[in-house]
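Participant: Please find one structure pasted underneath; my questions will follow.
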Amino acid sequence: MTWSWDVFINVIPIIFKGLWITVGLTIACYLFAMIFGFFWVFMSRIPWRPVNWLFRWIAEFIRSTPPLVQLFFIYYAWPAIPVIGVTLNPFVAAILGLGIHFSTYTSEVYRSGIESVDKGQWEASTALNLSTAQKWRHIILPQAIPPTIPMLGNYLIIMFKEVPLASTIGVVAMLHLANDYGAQYYKYVEPLTVVALFFLLLSYPSALLIGRLEKKYNRRFDKKTATL
Amino acid sequence: MAITEITLMLMRGIKVTLIVLVLSIILSSLIALIAGLSRVYHNKLLTGFTGFYVEIFRGTSLIVQLFWFSYALPGLFNIHLGSDIWVAVLAISLNYGAYMSEIVRGAILSVPQGQTEASIALNLTRFQRMRHIIVPQAIRMMLPEYGNYLIQILKATSLVSLIGLTDLLYYGNIYRSTHLTEAPTVYMIILLLYFLLALPLIGFTRKMEKVAKKGVVHG
Amino acid sequence: MEEPIVQYKNIRKSFGDVEVLKGINLDIMPGEKVALIGPSGSGKTTIIRLLMTLEQPTGGIIEVNGENLWLMQNKKNELVEADDKHLRKIRGDIGMVFQHFNLFPHMTILENCMLAPTIVKKKDKADVKKTALEMLDKVGLSDKVDLYPSQLSGGQKQRVAMARALMMRPKVMLFDEVTSALDPELVGEVLEVIRDLAKAGDMAMILVTHEMDFALDIADRVLFLNEGTIEEEGHPTEILVNPKSERLKDFLTRFTNSR
C-alpha cells in the first residue's frame, strides 16, 4: 500500500459531508453537558450529607470510567433493562453518553468558578440584605462565570475530539465515512489523514482563540502576585 | 451465576488493558518530560519541532490517531511493531505525551524568577539549575494534573479494542453479542472494573493536590 | 597602591525606553563596605544586579579584579561577548542576598547551604556539611538545620540566605534591600548578622538599603543615587548628617518623616 494523492483528493468531499455531522453532534453533546453540569452542582449543594456524598461519587464514577464503555452501555444495554429500557437511535445515545460524561467536567468548572468568588462577597450581600436568588443573580454568578469561559471553551474542543467515538455505535460522521471508504477500497491512510486534517483545521484555530480569551480573563481576574 | 461467568470472561482481557496502561504511562511520561523541556530550551529549531508535534497531536483526535497508526505504520512506512499492543501504546503515548508536555512546560515556567536568580548568584551551571532547582519544584507543582492525565490514559486504553486488541472491553463485547439480555450486567461490570483501576489514581491525584498546596514535601 | 576589586566604568542600562543608569563610575576596594541609598527607581538595585550578571549593561564596562565581566578575548585576541564559562569564573568571587530570600523551598536549610559548594565547587560532602553547620551556627540557626524554608520566619529565612551565600566564600557580597520584606520586629536580627560580617573585615560589601542608621554605622562610604546618577558620595556622617545637595536633603527629610 502506498500513498496516493488521487485518493486523497477524492475523499476530501466525501469526508467533508461528515464534517457537518461531527460539528453538529459536538454542539449537541456540548449543550447537553453544559446544562446537565448544573445538575451536579445543584446536587452537591443539597444540605444533606448522604445525598451529597452519593452524587459526588456517582459523578466521580462517570468521570473516571471510559466514555466509550458508557456509550455502549446506553446504546446496547439500556434497551435490555426491564421497564425503563428503550431503544435509542445512535445520535440520541451519543448525545446522552458523551453529554453526561462531560457534564461531570463542566460541573467542576462551575464549582471552581463559584468557589473563586471571594467569601467577602457573600458576606457583603448578606449585609445588604439581598435574598438568596438576588445574591446569585446580581453578585455571585456575574463574578463566577467570566473566569470559567476559557475552561468551558477548552472543553468544547475536547468534546469535538471525543465525538468520533460515536462512530462505534453507528453515527455516520467523518471517522465512520473514512472507515467505510477504507473497507470498500482498502485505502485507509488517505481518508484517515483527511479526517485528521479536518480536526486540526478546526481545533487549532479554536485553541488559539481560547488561549487569547484565557490571557484576557486572567488579566482581569487574577489578583494573585507571585512571592516566595 | 451470570455475574461470575461474565467476570471470569472479562478477566481474560484485563491483562491486555493493564499492559497497555502501564506501558502508555511510562512512555507518555518520558515523551512529556523531553518535549516539555525542549519547549523551554533556548533553541529555535528544537522548540519549533516540539511545538509542531504537540499541536498536531493535540489538534487531532486520539481515536483517529489510533486508526491512522494501525493502518499507516505497516502500510505506508512498512513498519511492523510486532504486535498491535505497541501500535496502541505508541498512539496513546504520543497523544497524551503532547498534552502532558504542556503541563511540564507550564510548571517549569511557573517556578519563580527568584529561583533562577539565586542559582545564578550561587554560580550553578544551566544544567545544574534545571536538574537541582527548577525541575524538582516543577514536578511537585504538576503532579496533581499529572494524576488527572493518568486517569485519562486509563480511560483511553478502552479504545484499543477498536483496533482488535483483546482487552477488557473486547471480551465484554464478545460476551454481549451472544447474551444480548445480559448487556446491562456486562457493561456495568466493565465500568466497575475500570473504576477499581481508577481508584488508586484518584487517590494519588488527591494526595498530590494536598502536597502541591503546601508547596513542599516535609520530611 | 591597592587595586579596586570592582570597577564600574561609565555604566549605562536601559529597560526599553527607560534609562535607569546614566553613566555610573564607581570603584570598590577590597574589604570596603559601600551603602547605596536613594529613592525607589533611582537605579540602586540595578547597579548590583549588573555585577551579579542578572542584567546586562547597555553600555560601559564592569571589571572584577581587573578582568572585563561582560567581554572576553577569544583565541584570535578579539573582544567578544563573554560566554558562560567566562561569566562563571568571574562570578565565583561574587555573592548575593536577595530581598525576597529566594531560598530553595524543596530543600532543607542545610541542603540549601550545601548545594552550591558540593555541585559547583565539587567539594567533599562531609567537609561541606561541617562548614555549613558552623555557618548556620554563626547566624544563630543551628537548631533549624533540618527544617524547610516554609517553616521559618522571614528573619530566619534571610539569615539562611546569608549563610548560603557565605558558603561560596565570595570576595564581594551584594545585599539587595535585605530587610525590606521583613516584619519590623525581625529587621534587627538580620542587621546584627550583617554587622558581624562587616566587622570581620576582609569581604567587600555593597548594600542597597533603606536603613539609614545602619548605613551610618557600618559603611565606609555612602552613595546617594538619584535618577540614574550618583548625586553625592562620601563618608556616612558627611552624607547623612551634613548633606549638600537639595535632593539629598529632601530625600533624608522625607525619609525621617515617614518613619
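Participant: Consider B:Y171 carefully, then state whether it is surrounded by 20 or more Cβ atoms within 10 Å (Cβ to Cβ), within 7 Å of chain A (Cβ to nearest Cβ) and part of a helix (DSSP H, G or I).
Facilitator: It is false that B:Y171 is surrounded by 20 or more Cβ atoms within 10 Å (Cβ to Cβ), within 7 Å of chain A (Cβ to nearest Cβ) and part of a helix (DSSP H, G or I).
Quick grid of which residues meet (1) in contact (Cβ under 8 Å) with a residue 12 or more places away in the chain; (2) open to solvent by less than 10 Å² (accessible area, probe 1.4 Å); (3) of a type in the set (D, E, K, R):
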| position | (1), (2), (3) |
| --- | --- |
| C:Q158 | yes, yes, no |
| C:L174 | yes, yes, no |
| C:D213 | no, no, yes |
| C:F224 | yes, yes, no |
| C:E246 | no, no, yes |
| C:F255 | yes, no, no |
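Participant: State all residues of region C:199-221 that are of a type in the set (G, A, S) and either modelled with pLDDT of 90 or more or more than 15 Å from the chain's Cα centre (by Cα) (or both); if no residue qualifies, say none.
Facilitator: Result: C:A200, C:G201, C:A204, C:A219.
Participant: Could you tell me whether region B:137-157 includes any residue that is touching a Ser or Thr at 6+ places or on another chain (Cβ under 9 Å), over 28 Å from A:Y76 (Cα atoms) and among the acidic types (D, E)?
Facilitator: yes
Participant: Need the failing condition index for B:T166 against (1) in contact with a helix residue (DSSP H, G or I) (Cβ under 7 Å, 6 or more places away or on another chain); (2) more than 8 Å from chain A (Cβ to nearest Cβ); (3) surrounded by fewer than 21 Cβ atoms within 10 Å (Cβ to Cβ); (4) assigned to a helix (DSSP H, G or I), just the number.
Facilitator: (4)
Participant: Here's a follow-up. Show me the strands (runs of 3 or more DSSP E) found entirely inside region C:21-118 where at least 3 residues are without any contact (Cβ under 8 Å) to a residue 12 or more places away in the chain and out of contact with any Cys (no Cβ under 8 Å at 6 or more places or on another chain). First the steps, then the outcome.
Facilitator: Details: elements: C:33-37, C:59-64, C:71-73, C:79-81, C:94-97.
Qualifying strands (runs of 3 or more DSSP E): C:79-81.
Participant: With respect to C:D202, determine if the residue is more than 22 Å from C:N25 (Cα to Cα), out of contact with any Phe, Trp or Tyr (no Cβ under 6 Å at 6 or more places or on another chain) and assigned to a helix (DSSP H, G or I).
Facilitator: Spelling it out, it is not the case that C:D202 is more than 22 Å from C:N25 (Cα to Cα), out of contact with any Phe, Trp or Tyr (no Cβ under 6 Å at 6 or more places or on another chain) and assigned to a helix (DSSP H, G or I).
Participant: For region C:93-111, give me each residue that is farther than 16 Å from B:T116 by Cβ and open to solvent by 10 Å² or more (accessible area, probe 1.4 Å).
Facilitator: Selection gives C:D93, C:T108, C:L110, C:E111.
Participant: When you check C:L147 against the structure, is it among the hydrophobic types (A, V, I, L, M, F, W, C), more than 22 Å from the chain's Cα centre (by Cα) and within 13 Å of chain B (Cβ to nearest Cβ), yes or no?
Facilitator: yes
Participant: For region C:51-78: of the residues being open to solvent by less than 30 Å² (accessible area, probe 1.4 Å) and among the β-branched types (V, I, T), which is farthest from the other protein chains (Cβ to nearest Cβ)?
Facilitator: So the residue we want is C:I62.
Participant: Tally up the residues in region A:175-192 that are open to solvent by less than 30 Å² (accessible area, probe 1.4 Å), at the interface with chain B (Cβ under 9 Å from one of its Cβ atoms) and within 13 Å of A:I14 (Cα to Cα), please.
Facilitator: Going through region A:175-192 one residue at a time, the tally reaches 4.
Participant: Within region B:127-143, is there a residue that is without any contact (Cβ under 8 Å) to a residue 60 or more places away in the chain, within 20 Å of A:I62 (Cα to Cα) and not small (G, A, S)?
Facilitator: no
Participant: Further question on the same structure: Quick one: A:L165 ticks every box in (1) within 29 Å of B:Y99 (Cα to Cα); (2) open to solvent by less than 40 Å² (accessible area, probe 1.4 Å); (3) of a type in the set (A, V, I, L, M, F, W, C); (4) modelled with pLDDT under 90 bar one, so which box is it?
Facilitator: (4)
Participant: Here is a further query. Within region C:112-130, track down each residue that is under 22 Å from the mean Cα position of the chain (by Cα), buried (at least 16 other Cβ atoms within 10 Å of the Cβ) and more than 8 Å from chain B (Cβ to nearest Cβ).
Facilitator: Answer for region C:112-130, where residues must be under 22 Å from the mean Cα position of the chain (by Cα), buried (at least 16 other Cβ atoms within 10 Å of the Cβ) and more than 8 Å from chain B (Cβ to nearest Cβ): C:N112, C:C113, C:M114, C:P117.
Participant: Could you identify the single residue in A:R45, A:R56 that is under 30 Å from A:I145 (Cβ atoms) and at pLDDT below 90? Explain how you work it out, then say what you get.
Facilitator: Numbers: A:R56 fails: at pLDDT below 90.
From the options A:R45, A:R56, the qualifying one is A:R45.
The values are calculated or read from the model by the stated rules, or taken from the named source; none is laboratory data. Given the structure is predicted, the values throughout are model-derived calculations rather than measurements. Cβ: placed from backbone, ideal geometry, glycine included. Neighbour counts: every protein chain shown. Surface accessibility is based on the protein's heavy atoms, side chains included, excluding ligands, DNA and RNA. Shrake-Rupley method; radii C 1.70, N 1.55, O 1.52, S 1.80 Å.
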